[in-house]
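A.B. asks: Below you will find the structure I want to go over with you.
Just so it is clear, none of the values below were taken in a lab; they were calculated from the coordinates. Quick caveat, the model's predicted, so the values are computed rather than measured. Reconstructed Cβ throughout: ideal geometry from the backbone, glycine too, with neighbour counts over all protein chains shown.
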Amino acid sequence: MQTPEQVLKAWWGYDSFRPMQKEIVTSALEGRDTLAILPTGGGKSICFQVPAMMKDGLALVVTPLIALMKDQVQNLQQRGIKAIALHAGMTRREVDLALNNAAYGDCKFLYVSPERLGTPLFRSYLEELEISYIVVDEAHCISQWGYDFRPDYLNIGELRKSVAAPVIALTATATPKVVEDIAARLSPDPSKPSFNILRSGFERPNLSYIVRECRDKAGQLLDICRGVQGSGIVYLRSRRRCEEVAALLKSEGVSASFYHAGLGTKSRTERQEAWKKGEIRVMVCTNAFGMGIDKPDVRFVVHWEPTDSLESYFQEAGRAGRDGKRSYAVLLWNASDISHLRQMLDASFPSLEFIEDIYQKLHIFSNIIYETGEGHTIRFDLEAFCKQYKLRPSPVRYALRYLEQAGHLSFSEDADFPTRVRISAPRNLLYEADLPQPQMIPLLEALMRGYPGIMSYSMPIDEESLARECDATVPWLHQLLYQLSLERIINYIPADRCSLVYLNHDRLTPGNVDLKPERYKFLRANAEARLESMEAYLRDSDTCRSRQLLAYFGQTETDDCGTCDVCRGRTPEERSRAALLRFVKSHPGCSLQDIKQFCDNPQNGMPQNAMELYRSLLDEGLI
């Protein structure tokens, strides 16, 4: 049997594991339930992919991030590893076919979105799936204390009752309370959590955290772009503002583009690839950008305004400097940002009366009568819904989010639906038809060759690979497909993006919708506490930024980083004391001669009285 290192080298080409990866892999191979807390960019996927390749059967990977799911499946397939994904936007037949392939087709990884776990179709295949591991990505989503709790994740706990496979749970952002809750909810006996909890240190020595209170954010951003070489990310909340800031940077000679969920799939893919290749230097974006992107040489991440939690800030800032070189995470803010965050918190908790009204209007809008609707998946046009009922989108979106939290439905925004084609003309008539374009014959042949069953079913097609096979551009392919549909040769449904609502039960009558008022209060109190932690981080100009962040995640035995705005703002003597303290703590057992050599080295910038500072640290009991 191969060792984990041999598997890592054979399939991924790496000679050794990153810190903490080997311990997590070993724990999983021993059959232990394992909860791994690794910082963003710590290589979480390797931690479950290596042990899964060493065991018979397939790993069931639960993740809410569809873009990340698709990216990982594509990467595995490119390495010759069979992987399948089940996500929003697939028809029941496609899900059935995918599950059949997973059960009987030598599949190693089955990625599923959490809402799939509770469906009757998925449950019907459970006995046929030889599951080696249950992998829970973004495991903080299962915790009621987490900043991104997803009720569908609770299905994993139910799954454990019928699947005898160890769990590998992974997260990058978990406070001690969240870690405890994850272990309890995923353990067979919640009163006796059985998890082996492995934490990697969250320190990022090469990442300088900078917080700047300012009015002229545009000027600060331009200074950063001009003063720091290399690629960067600028995060904003507003889609419109993304476009404006990107235009500002371009007008000042900075290579920039924007990215948000309102763009089409093709535009997002093209911009993401251009940024990864360095053709675009700075990406101005909402938090829709960045998940699963492992670009190591991001030199700066700028937040135009504060996030609503330190969890999301830490995750987004952590996308800088994954190659270990000096990088910067800069957070810009002013008093109006705090006011705006508080207004957003109020808006994100509409009244329970409003939420119940949206529940009923959703069913009316979708023509679903009382005591029907369980298991329905609705393509939901938020804009049309708001127009019909004269409502603003934001409170409707938050009402749907709370209905999801209360367990009534699952709500997925901006789901991608690929182009679908069915050849409707009989096969014997295809070559007799008088087609207006000669390229249509090779296109039809490519469709029949590449998509078995396309004569009987509407099938999703990969436009880019089909266009390459037909030696055509994607826009020209669209024209050909459209003309074939006019000739009644094919049924053609162009790619689309919309929101999806999955109904967990039949429509309830007014007054009988359980909106869990106590849960509403609990969630609001949690949101307020996270916002207060964010505000405290902004206003604390005395404590090292790195230490503040690490303490929030439960890592209290830390030293000053020496490179954040707080550390750099100290007096030369304070900086020298901190540097000496870091050196001694990072070199346990060092001799007095070692310390003298450190102080005498000009590169360390120590003053002439450095040894006196060392003796004062001794006298104060700090070392």
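A.B. asks: Would you kindly state how much longer the chain becomes between Lys277 and Leu352 on full extension, computed as 0.36 nm times their sequence separation minus their alpha carbon distance, in nm to one decimal? Walk me through the numbers on the way to the answer.
C.D. replies: Details: separation 75, 0.36 × 75 = 27.00 nm, distance 4.75 nm.
Value of the extension gain: 22.3 nm.
A.B. asks: Ok, one more. Would you mind listing how long the stretch 194-252 runs along its three principal axes, going by Cα atoms, in whole Å with the largest first?
C.D. replies: So the extents along the principal axes, rounded to whole Å, are 55, 26, 24.
A.B. asks: Which of the peptides 453-460, 543-550, 343-350 is most tightly packed, and how do the rest follow, going by the mean number of other Cβ atoms within 10 Å of each residue?
C.D. replies: The most tightly packed comes first, giving 543-550, 453-460, 343-350.
A.B. asks: Another question, if that's okay. Please express the shape of the stretch 4-199 as an equivalent ellipsoid: the semi-axes are the square roots of 5 times the eigenvalues of the C-alpha gyration tensor, given largest first in whole angstrom.
C.D. replies: 23, 22, 15
A.B. asks: Answer rounded, prolate or oblate for the stretch 462-563, using the Cα gyration tensor with square roots of eigenvalues a ≥ b ≥ c: rounded when a/c is under 1.5, else prolate when a/b is larger than b/c, else oblate.
C.D. replies: Here the stretch 462-563 falls in the oblate category.
A.B. asks: Students often forget the sequence filter, so: which lysines lie under 22 Å Cα-Cα from Lys82 once same-chain residues fewer than 8 apart are removed?
C.D. replies: Straight-line reach from Lys82, under 22 Å: Lys9, Lys44, Lys55, Lys70, Lys108.
A.B. asks: Grab the Cα-Cα distance for Arg32 and Gln78, subtract it from 0.36 nm times how many residues apart they are, and report the gain in nm with one decimal. Numbers along the way, then the final one.
C.D. replies: On the way: separation 46, 0.36 × 46 = 16.56 nm, distance 2.99 nm.
Between Arg32 and Gln78, full extension yields 13.6 nm more.
A.B. asks: Whose amide H sits under 5 Å from the amide H of Val298, counting only residues 5 or more places off or on another chain, with H placed in the peptide plane?
C.D. replies: Placed amide hydrogens put Gly321, Arg322, Asp323 under 5 Å from Val298.
A.B. asks: If each of Leu345 and Arg615 carries a label point 7 Å out from its Cα toward its Cβ, how far apart are those two points in nm?
C.D. replies: 5.1 nm
A.B. asks: Return Trp11, Trp333 ranked ascending by Cβ neighbour count within 10 Å, so the fewest neighbours appear first. Don't skip to the end; give the middle numbers.
C.D. replies: Values: Trp11 16, Trp333 22.
With the fewest neighbours first, Trp11, Trp333 line up as Trp11, Trp333.
A.B. asks: Report the local net charge at Phe48: Lys and Arg +1, Asp and Glu -1, summed over other residues whose C-beta lies under 12 Å from its C-beta.
C.D. replies: +2
A.B. asks: In percent, what relative contact order does the chain have, based on Cα pairs under 8 Å that are 6 or more apart in sequence?
C.D. replies: Value for the chain: 12 percent.
A.B. asks: For the stretch 248-398, take the convex hull of the Cα atoms, compute a quarter of its surface area, and give me that in nm², please.
C.D. replies: Over every viewing direction, the Cα hull of the stretch 248-398 projects on average to 12.7 nm².
A.B. asks: Tell me which label goes with the value of Cα extents along the principal axes in Å computed from the coordinates here: (i) 94, 59, 58; (ii) 95, 61, 40; (iii) 78, 57, 46.
C.D. replies: This structure yields the entry labelled (i).
A.B. asks: Continuing with this model, one more query. Just to check, using Stokes-Einstein with a Kirkwood Rh over alpha carbon pairs, what's the diffusion coefficient of the stretch 548-619 at 37 °C and 0.692 mPa s in µm²/s?
C.D. replies: 249 µm²/s
A.B. asks: Give the order of His505, His478 when sorted by the count of other beta carbons within 10 angstrom, beginning with the fewest.
C.D. replies: His505, His478
A.B. asks: Assigning unit charges at the beta carbon (Lys, Arg +1; Asp, Glu -1) and nothing else, what dipole magnitude in debye, to the nearest 20, does the stretch 302-391 show about its Cα centre?
C.D. replies: 500 debye
A.B. asks: Using 29 Å as the Cα-Cα cut-off, could you pick out the over-long pairs in Lys161/Lys361; Lys217/Lys295; Lys276/Lys325?
C.D. replies: Flagged as over cut-off: Lys161/Lys361.
A.B. asks: So which lysines pass the test for Lys521, namely a Cα distance under 19 Å, with those fewer than 8 places away in the same chain ruled out?
C.D. replies: Straight-distance partners of Lys521: Lys177.
A.B. asks: Continuing with this model, one more query. Quick one: grab the alpha carbon gyration tensor of the stretch 580-623, order the square roots of its eigenvalues as a ≥ b ≥ c, and give me rounded if a/c is under 1.5, else prolate or oblate depending on whether a/b is larger than b/c. The partial results should precede the final answer.
C.D. replies: Values: a/c = 1.82, a/b = 1.22, b/c = 1.48.
Note, shape of the stretch 580-623 comes out oblate.
A.B. asks: Let me ask something additional. Report ³J(HN,Hα) in whole Hz for each residue of the stretch 23-30, in order, from the Karplus equation J = 6.51 cos²θ - 1.76 cosθ + 1.60 where θ = phi - 60°; Gly and Pro get x.
C.D. replies: Calculated HN-Hα couplings, in order: 4, 5, 4, 4, 4, 5, 5, 7 Hz.
A.B. asks: Which of rounded, prolate, oblate describes the stretch 420-494, given a ≥ b ≥ c as roots of the alpha-carbon gyration tensor eigenvalues and a/c under 1.5 marking rounded, otherwise prolate only if a/b is larger than b/c?
C.D. replies: The shape class here is rounded.
A.B. asks: Return the long-range amide H neighbours of Leu331 (sequence gap of 5 or more, or a different chain), with a cut-off of under 5 Å between placed amide H atoms.
C.D. replies: It is Ile210, Val211, Arg212, His303, by chain and number.
A.B. asks: For Asp462 and Arg226, what does the FRET efficiency come to when R0 = 41 Å and r is the distance between their Cβ atoms, rounded to the nearest 0.05?
C.D. replies: So the FRET efficiency works out to roughly 0.50.
A.B. asks: Let me ask another. Between the alpha-carbon centers of the stretch 372-400 and the stretch 178-195, tell me the distance in whole angstrom.
C.D. replies: One Cα centre to the other: 36 Å.
A.B. asks: How large is ³J(HN,Hα) for each residue in the stretch 49-58, as worked out from phi by the Karplus curve 6.51 cos²θ - 1.76 cosθ + 1.60 (θ = phi - 60°), to whole Hz, x for Gly and Pro?
C.D. replies: 6, 5, x, 5, 6, 9, 10, 5, x, 10
A.B. asks: If you average 1/r over every pair of different alpha-carbon atoms in the stretch 505-554 and take one over that average, what Kirkwood value in Å do you get?
C.D. replies: 14.0 Å
A.B. asks: Distance between Cα centroids, the stretch 589-611 to the stretch 323-367: provide it in whole Å.
C.D. replies: Taking the Cα centre of each part, the stretch 589-611 and the stretch 323-367 sit 51 Å apart.
A.B. asks: Can you put Cys498, Cys567, Cys590 in order, fewest other beta carbons within 10 Å first? Numbers along the way, then the final one.
C.D. replies: Details: Cys498 17, Cys567 21, Cys590 14.
Fewest-to-most ranking of Cys498, Cys567, Cys590: Cys590, Cys498, Cys567.
A.B. asks: Among all the aspartates and glutamates, which ones have a C-alpha under 19 Å from Lys192's C-alpha, if same-chain residues fewer than 8 places away are not counted?
C.D. replies: Partners found: Asp33, Glu158, Glu180, Asp181.
A.B. asks: Rounding to the nearest 20 debye, state how big the charge dipole of the chain is about its Cα centre with +1 on each Lys and Arg Cβ and -1 on each Asp and Glu Cβ.
C.D. replies: For this selection, approximately 640 debye.
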